[in-house]
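Here the structure comes first, spelled out in structure tokens, and everything after it is commentary.
The values are calculated or read from the model by the stated rules, or taken from the named source; none is laboratory data. Since this is a predicted model, take the numbers as computed values, not measurements. Here the Cβ positions follow ideal geometry from the backbone for every residue, glycine too, while neighbour counts run over all protein chains shown. SASA here: full protein model, heavy atoms, side chains in, ligands and nucleic acids out. Shrake-Rupley method; radii C 1.70, N 1.55, O 1.52, S 1.80 Å.
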Amino acid sequence: MTSKNTICLWYDGDALEAATFYARTFPDSAVGTVLHAPGDYPAGKQGDVLTVEFTVMGIPCLGLNGGSGVKHNEAFSFQVATDDQAETDRLWNAIVGNGGQENVCGWCQDKWGLSWQITPRVLTAAINHPDRAAAKRAFDAMMTMGKIDVAAIEAAVAG
């Protein structure tokens, strides 16, 4: 691992599966070194996958198969800026369709419990719009959505 700062994500024996899913779903993502445990440990046996180095959209991560004792929650999430509805749909559907679950306001969770914010750039621009009434309309529209609808956000801004 060459990065000085790496995000460590805890998994219950399926870090390699998660890393492989991320690598095939997100651009600029890959699976790197897979370390097998040299001996037994509380969450596994000698020879089991202990850690997986991977990148998600250029961000270095380490998947640790630490067992069932620690769960992911919304306090940590990846926010993915998308360029259009097609990219938003593709990423959202990949996460939710692979055993994940929908949430509100562009949030979803993958099957491992990791939270993702699939955020079209149009939404970010809309809620930062200099016309504060337009920004509020966009924000109010977002508050009614699961997956973000780009056309509905644009319509809200237009009034």
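Its Cα centre serving as origin, segment 26-159 has a Cβ charge dipole (Lys and Arg +1, Asp and Glu -1) of approximately 260 debye. Among 77, 68, 115, the largest mean-square fluctuation in a Gaussian network model of the chain (Cα springs under 10 Å) belongs to 68.
Sketch the reach of a paramagnetic label on residue 59 as a point 7 Å from Cα along Cα-to-Cβ, and name the residues of segment 106-145 whose backbone nitrogen lies under 20 Å away. Counting only backbone N, you get 106-125.
Once the gyration tensor of the Cα atoms in segment 48-94 is diagonalised, the equivalent ellipsoid follows with semi-axes of 26, 14, 10 Å, ordered largest first. For segment 69-135, GluC sites (Glu not before Pro) meeting the loop criterion (DSSP other than H, G, I, E, B) and having at most 16 other Cβ atoms within 10 Å: 74. For the chain, modelled as a GNM whose springs connect Cα atoms under 10 angstrom apart, the maximal fluctuation among 59, 148, 118 occurs at 59. For the chain, the share of DSSP beta bridges that are antiparallel, to the nearest 5, is 60%. Considering only 13, 69, 106, the mean-square fluctuation computed in a Gaussian network model of the chain, springs between alpha carbons under 10 angstrom, is largest for 69. Taking trypsin sites (Lys or Arg not before Pro) in DSSP loop states with no more than 10 other Cβ atoms inside 10 Å as exposed sites, the chain has its longest site-free stretch at 72-159. Between the amide H of residue 111 and those of 100, distances stay under 5 Å, these residues lying 5 or more places away or on another chain, with hydrogens modeled in the peptide plane.
Above 16 Å, the calculated P(r) of segment 8-56 contains 38 percent of its Cα-Cα pairs.
One quarter of the surface of the convex hull around the alpha-carbon atoms of segment 62-125 equals 4.9 nm², the direction-averaged projected area. Taking all pairs of distinct Cα atoms, average 1/r, flip it, and tell me the Kirkwood hydrodynamic radius of segment 111-159 in Å to one decimal place. In segment 111-159 this quantity evaluates to 11.1 Å. As a size descriptor, the averaged projected area of the C-alpha convex hull of the chain was calculated at 10.2 nm². Per residue, the solvent-accessible area of the chain (1.4 Å probe, heavy atoms of protein chains only, all protein chains present) comes to 52 Å². Lysines within cross-link reach of residue 111: Cα-Cα under 26 Å, excluding same-chain residues under 8 positions apart? Here the lysines satisfying the reach criterion relative to residue 111 are 45, 71, 147.
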